[in-house]
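Here is the structure we will look at.
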Amino acid sequence: MKVKNDSSTIEIGVVGLGLMGTSILVSLLVSGHKVIGIAPLPADMDGALDRIQSQLNHASEAGLLKEDVSKYLERLHLSENYEDLRNCLLVQECVTEVIAIKTEVYKKITQNTESSTVIATNTSAIPISTLQENVSLPSRFIGIHWAEPAYMTRFLEVTKGEETDEEIAKWVLELAYTWNKEPTYLKKDIRGFVTNRMLYAVYREMFAILENGEASMDDIDKAFRYDPGSWMTYMGLFKRMDQMGLTDYKEIFENLFPQLNNSQTVPPTMQKIVIEKGKGVNNGKGLYCYTKEEAVKWEEDFKNFNHEIFQLAAQYPEINN
């Protein structure tokens, strides 16, 4: 796809104005794009502009903005009308993880954009090739999976579906670097992609340890925070194995792998929380309990932490890249 990656000339649409959608939208604004934000439902517009302004202010505090917040807002257009996507070269879908809803969104995007427009999904679990079956031009459909807050992390996962044009994938990867990301590229579509497949294996094991009474929730969190958490921003897992020396890994794998949990059901602890409608910091009930004050402090501290870790990662560029 021969398009010059000059952000000022590339208009991008974001469909879905929830927390993740506005975060992605802000990341694109910060990168210099004109962005069209589409609310699939009128209620999605409620609070969207305030949230975007708050996120831009946070980006400003982190030193990510080259201009005043008002300048970025000038490049933003929020709408409920899909026709406003007509000049977009890329449209990022960020709606609920329901195939039927996503399919309807893709239909509206396609009806109101050029045949050359790339459609991307932020899905974290549905295979790209499955969603690709529901678009009229599957070669121009791709997965672009962001992490929250999108404007404050270097993570981006680009996934090629079975019918995605290789040139489209290359263009998206090139574009991702202009967004100040360090994108990973999944050439073959697998459920859960790279990050979630690894992370959910950890989730399964930690619930097994908890429910077997082998360690408390707090101790499991501390173990992960103060061991992997102390080096993951500096290096990935393969690099960590090299750094540790590879001598003992074969024997450890042979002894440990048969002992790891391989359950295919939802852990009882998680089932109980769902029944009780726990939503973590959003309603104070989750794996831990939170007062309103604690929930607000966690969110604020997490913003500050992301600011610091974003800057820290930049000081240690990847070796052998």
In degrees rounded to 10, the 0-90 angle between helix 292-314 Cα long axis and the longest Cα principal axis of the chain is 80 degrees
To the nearest 10 degrees, the tilt of helix 48-61 (Cα long axis) against the first principal axis of the alpha carbons of the chain is 70 degrees
Rg (one decimal) and Dmax (whole number) from the Cα set of region 229-296, in Å, equal 18.9, 49
Magnitude of the Cβ-charge dipole (Lys and Arg +1, Asp and Glu -1) of the chain about the Cα centre, nearest 20 debye, reported as 360 debye
One would report the Cα pair-distance distribution of region 28-160, bin width 5 Å, in %, as 2, 10, 18, 22, 21, 16, 8, 3, 0
Cα-based Rg and Dmax for region 172-235, in Å, come out at 16.0, 48
The Kirkwood hydrodynamic radius of the chain, taken as the inverse of the mean 1/r over all distinct Cα pairs, in Å, comes to 21.5 Å
Note to self: with every protein chain in place and a 1.4 Å probe, the chain gives an accessible area per residue in Å² of 58 Å²
Here the equivalent ellipsoid of region 123-206, derived from its Cα gyration tensor, has semi-axes (largest first, whole Å) of 21, 18, 10
The Kirkwood hydrodynamic radius of region 203-253, taken as the inverse of the mean 1/r over all distinct Cα pairs, in Å, comes to 12.6 Å
Nearest 10, in degrees from 0 to 90: the angle of helix 193-211 to the longest Cα principal axis of the chain is 40 degrees
Largest-first semi-axes in Å of the equivalent ellipsoid built from the Cα gyration tensor of region 102-168 are 20, 13, 12
Per residue convex hull volume, Cα only, region 143-280, in Å³ is 175 Å³
Carbon and sulfur atoms account, in whole percent of the 1.4 Å probe accessible area of the chain, for 54 percent
Taking region 34-110, the equivalent ellipsoid from its C-alpha gyration tensor has semi-axes in Å, biggest first, of 26, 14, 11
Bounding extents of region 4-52 in its principal axis frame from Cα atoms, largest first in Å, are 36, 16, 13
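The values are calculated or read from the model by the stated rules, or taken from the named source; none is laboratory data. Treat the numbers as computed from the prediction; the structure is a model and nothing was measured. No Cβ is skipped: glycine too gets one built from the backbone with ideal geometry, and neighbour counts run over all protein chains shown. To get the accessible areas, we keep the full protein, side chains included, count just its heavy atoms, and leave off ligands, DNA and RNA. Shrake-Rupley method; radii C 1.70, N 1.55, O 1.52, S 1.80 Å.
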